[in-house]
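Engineer: Let me give you the structure first, and then I'll get to my questions.
The values are calculated or read from the model by the stated rules, or taken from the named source; none is laboratory data. Because the structure is a prediction, the values reported are computed rather than measured. In this analysis, Cβ positions are derived from the backbone assuming ideal geometry, glycine residues included, and neighbour counts consider all displayed protein chains. Side chains are part of the model used for accessible areas, which takes the heavy atoms of the whole protein and leaves out ligands, DNA and RNA. Shrake-Rupley method; radii C 1.70, N 1.55, O 1.52, S 1.80 Å.
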Amino acid sequence: MNKFDFSSFLPELINIRHQLHAMPEIGLSEFKTSEFIAQHLQKWGFEVTRGLAQTGIIGTLRRGNSNRSVGFRADFDALPILEETGLPYASQHKGVMHACGHDGHTAMLLGAAYALSQDPDFNGAVHLIFQPAEENFGGGKMMVDEGLFNRFPCEQVFAIHNMPGLATGMFSAKAGAMAASIDVLTMTVKGSGGHGAMPELTVDPVVVASSIVMALQTLVSRNISPHQPAVVTVGSFQSGSANNIIPDTAVLELSMRATDPSVRIALRERVEEIARFQAKSYQADVQFDWSVGYPATINNKQAYELARDVAIAGFGADSFEELDVPMMGSEDFSFLLEAVPGAYIFLGNGDSSGLHTSRYDFNDEILERGAGFFHLLAKSSLV
């Protein structure tokens with residue numbers, strides 16, 4: 001399999017990544033980034049469509065007369081983190097940072113765009129999907145809901161995410177679940193407050209909520225098969241204002257994660273049942289405010305096998321390792337995979353700081369490999 005020679009373009013690609021890193025923008029406000037992407041695509045002969053999910057960009061390049069098509073997605077929003085890397089290309093927007101590598105994801109896909117623009121040897125359409133708001137507003141869902149695949153049909157769709165701790169340049173993926181779903185619940189326990197010296201005249205929501213927290217510890221261990229990954233976390237418990245006042249309410253904030261859609265449904269059902277019965281046993285009430293999040297990221301078997309085979313053929317058998325278990329984080333590329341078969345692939349970022357930390361930086365050493373992988377995958381999809 002012939003790889004594109006990036007040697008003359010690589011310095012420009014690194015510069016593109018550094019420019020993106022220096023101008024991070026929060027989801028749905030990535031106006032400079034969106035324009036930056038569009039200008040490069042237009043310069044390389046892509047048809048550019050703007051406006052999906054407000055700041056999203058689609059770059060389309062067609063060759064030959066085939067009706068076949070494939071899609072590649074990169075996210076380009078940043079996080080509300082004060083950067084502490086000290087890099088010469090560090091964020092110029094105080095309090096906003098590319099701490100998840102979306103600058104690198106975007107640069108890799110732009111690198112693939114350049115390679116494709118120089119390559120006449122494929123037959124069909126390549127749709128490059130530059131997606132906003134992965135970190136906050138579910139930009140993937142927004143794009144799908146606004147007709148992404150109706151307007152830009154794709155037989156398959158692929159994405160790469162860098163992974164600190166995985167060897168530099170190593171590809172890793174699996175068929176089936178790659179990442180967990182997430183749902184967020186705010187639970188308000190309603191009791192009846194009073195004087196701390198007369199608890200018998202109250203319904204203490206602190207006690208009720210504490211009982212709920214403890215009962216929820218059995219939700220996974222006694223309701224979900226040990227062969228099915230699931231996590232329920234009570235991340236916040238807020239109640240009261242003074243040591244001698246029993247408050248009226250307590251508020252719990254929970255997150256729930258699963259890699260199987262049926263387990264996701266079971267968690268949602270059981271958490272309400274457990275909380276209601278615990279509250280009732282204390283003569284309290286409980287209200288639920290759900291923020292339904294992202295579904296599990298599930299790789300199609302055929303798309304995964306194609307991606308694996310392209311990585312091995314293009315970069316050697318030692319460039320790919322099968323992922324043993326899914327990560328329990330979440331990813332809104334899952335919405336694209338619900339609509340179109342495809343695969344989500346990790347690419348090792350080496351021994352860098354972890355994602356979502358103030359000292360993280362994307363590893364420029366993997367830019368060429370990621371861009372080259374997308375280029376080869378496009379050609380393999382459109383033979």
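Engineer: Which residues, taken from segment 172-217, are without any contact (Cβ under 8 Å) to a residue 40 or more places away in the chain and either open to solvent by 60 Å² or more (accessible area, probe 1.4 Å) or polar (S, T, N, Q) (or both)?
Structural biologist: Hits for segment 172-217 are Met198, Glu200, Leu201, Ser210, Met214, Gln217.
Engineer: May I pose another question? Please verify whether Leu376 is part of a helix (DSSP H, G or I) and at pLDDT 95 or above, treating the condition exactly as stated.
Structural biologist: When the stated conditions are applied, Leu376 passes them.
Engineer: Continuing with this model, one more query. Given the conditions (1) open to solvent by 50 Å² or more (accessible area, probe 1.4 Å); (2) within 27 Å of Tyr114 (Cα to Cα); (3) touching a Ser or Thr at 6+ places or on another chain (Cβ under 6 Å), and given that Glu321 satisfies all but one, which numbered condition is not satisfied?
Structural biologist: Condition (2) is where Glu321 drops out.
Engineer: Looking at (1) open to solvent by 60 Å² or more (accessible area, probe 1.4 Å); (2) not assigned by the TED database to the domain that holds Ala279, which is the one condition that is false for Gly169?
Structural biologist: Against the list (1) open to solvent by 60 Å² or more (accessible area, probe 1.4 Å); (2) not assigned by the TED database to the domain that holds Ala279, Gly169 comes up short only on (1).
Engineer: Of a type in the set (S, T, N, Q) and under 20 Å from Ile182 (Cβ atoms): is that true of Thr249 in this structure?
Structural biologist: Judged against the criteria, Thr249 is not a match.
Engineer: Considering only residues that are open to solvent by 40 Å² or more (accessible area, probe 1.4 Å), at pLDDT 95 or above and closer than 25 Å to Gln228 by Cα, which ones fall in segment 277-307?
Structural biologist: Trp290, Ile298, Asn300, Lys301, Gln302, Glu305
Engineer: Kindly indicate whether any position in segment 139-159 is of a type in the set (Phe, Trp, Tyr), over 29 Å from Asn67 (Cα atoms) and modelled with pLDDT of 95 or more.
Structural biologist: Within segment 139-159 (the criterion being of a type in the set (Phe, Trp, Tyr), over 29 Å from Asn67 (Cα atoms) and modelled with pLDDT of 95 or more), the answer is no, since none of the residues qualifies.
Engineer: Among the listed residues Ala38, Ala78, identify the single one that is farther than 25 Å from Pro153 by Cα and either open to solvent by less than 10 Å² (accessible area, probe 1.4 Å) or of a type in the set (Val, Ile, Thr) (or both).
Structural biologist: Ala78
Engineer: Out of Phe72, Phe9, Phe46, I need the residue that is under 17 Å from Gly111 (Cβ atoms), open to solvent by less than 50 Å² (accessible area, probe 1.4 Å), out of contact with any Phe, Trp or Tyr (no Cβ under 9 Å at 6 or more places or on another chain) and in contact (Cβ under 8 Å) with a residue 24 or more places away in the chain. Which one?
Structural biologist: Result: Phe46 is the single residue among Phe72, Phe9, Phe46 that is under 17 Å from Gly111 (Cβ atoms), open to solvent by less than 50 Å² (accessible area, probe 1.4 Å), out of contact with any Phe, Trp or Tyr (no Cβ under 9 Å at 6 or more places or on another chain) and in contact (Cβ under 8 Å) with a residue 24 or more places away in the chain.
Engineer: Right, another one. What are the pairs with Cβ atoms under 6 angstrom where one residue, in segment 274-297, is within 16 Å of Ala250 (Cα to Cα) and touching a residue at least 60 places away in the same chain (Cβ under 8 Å) and the other, located anywhere, is in a helix (DSSP H, G or I) and β-branched (Val, Ile, Thr)? Sequence gap at least six, or different chains.
Structural biologist: Within 6 Å, the pairs are Ala275/Ile212; Gln278/Ile212; Ala279/Val208; Tyr282/Val208; Ala284/Val208.
Let's see how each residue does on (1) of a type in the set (Val, Ile, Thr); (2) closer than 25 Å to Tyr304 by Cβ; (3) under 21 Å from the mean Cα position of the chain (by Cα):
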| site | (1), (2), (3) |
| --- | --- |
| His18 | no, no, no |
| Arg50 | no, no, no |
| Gln54 | no, no, yes |
| Ala74 | no, yes, yes |
| Glu83 | no, no, yes |
| Cys100 | no, yes, yes |
